[in-house]
Amino acid sequence: MPAIRNPKDFCAGALFIAIGIATILLGTRYALGSAARMGPGYFPRILGVLLIVLGGILAVRALRIRGPRIAALRWRPTLIVLGSVVLFGALVRPVGVALSTVILIVAASAASHEFRPREAFVAGVLLAAMAVGVFVVGLQLQLPIWPWQA
């Protein structure tokens, strides 16, 4: 068996392959259809195949090209980002999309060692406006924009 010269790419390829296989297996519950009349299972299967091909390319490439080792997992930033996403999910209905998006961006930005509160707040406001425009106005999701609309 050839040595893995690029562990990052190899693990990424293996993850893509695993997700592709899972996508295909979950997509078998739905009718495939044809290219002209796609059924609900068509897109998941095509996506799964593409993920497997991309993962295979990455894994084979990792055997040939030298690359960096996998760095140790930094728990603090990971937990801060995951916690901010959970907080967003808990706040989006009672507080509204606008404020919960700003809170999400500021809280997730705190995970970085380059955290600047003012920049995070400005980015949060801009992304909140975009989220309201896309999800509430564009897609017409039934989400409150502000707390008093909840």
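A few notes on this one:
- Selection status of A62, free of Cβ contacts under 8 Å to residues at least 40 places away in the same chain and either among the small types (G, A, S) or within 29 Å of A111 (Cβ to Cβ) (or both): no
- The listed residue being touching a helix residue (DSSP H, G or I) at 6+ places or on another chain (Cβ under 6 Å) and touching a residue at least 60 places away in the same chain (Cβ under 8 Å), out of R69, R45: R69
- Scan of the range 54-70 for residues that are surrounded by 13 or more Cβ atoms within 10 Å (Cβ to Cβ) and at pLDDT 85 or above, ordered by number: L54, G55, G56, I57, L58, A59, V60, R61, A62, L63
Yes or no, residue by residue, for (1) acidic (D, E); (2) under 19 Å from the mean Cα position of the chain (by Cα); (3) at pLDDT 90 or above:
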site: A12; (1), (2), (3): no, yes, yes
site: G20; (1), (2), (3): no, yes, yes
site: S34; (1), (2), (3): no, no, no
site: A72; (1), (2), (3): no, no, no
site: V81; (1), (2), (3): no, yes, yes
site: G96; (1), (2), (3): no, no, yes
site: S112; (1), (2), (3): no, yes, yes
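- First in the range 15-35 and in the same structural domain as L51 (by TED's automatic domain parsing), second anywhere and among the hydrophobic types (A, V, I, L, M, F, W, C) and in a helix (DSSP H, G or I), Cβ under 6 Å, 6 or more apart: F16/L51; F16/L54; I17/I52; I19/L51; G20/L51; G20/I52; T23/L47
- Residue match in the range 137-150 (condition: out of contact with any Phe, Trp or Tyr (no Cβ under 6 Å at 6 or more places or on another chain) and closer than 30 Å to L25 by Cβ): yes
- Output for the range 116-150, where each listed residue is surrounded by 13 or more Cβ atoms within 10 Å (Cβ to Cβ) and assigned to a loop (DSSP other than H, G, I, E, B): L143, P144, I145
The values are calculated or read from the model by the stated rules, or taken from the named source; none is laboratory data. Keep in mind that this is a model prediction, so the values were computed, not measured. Note that each Cβ is placed from the backbone with ideal geometry, even for glycine, and that neighbours are counted across all protein chains shown.
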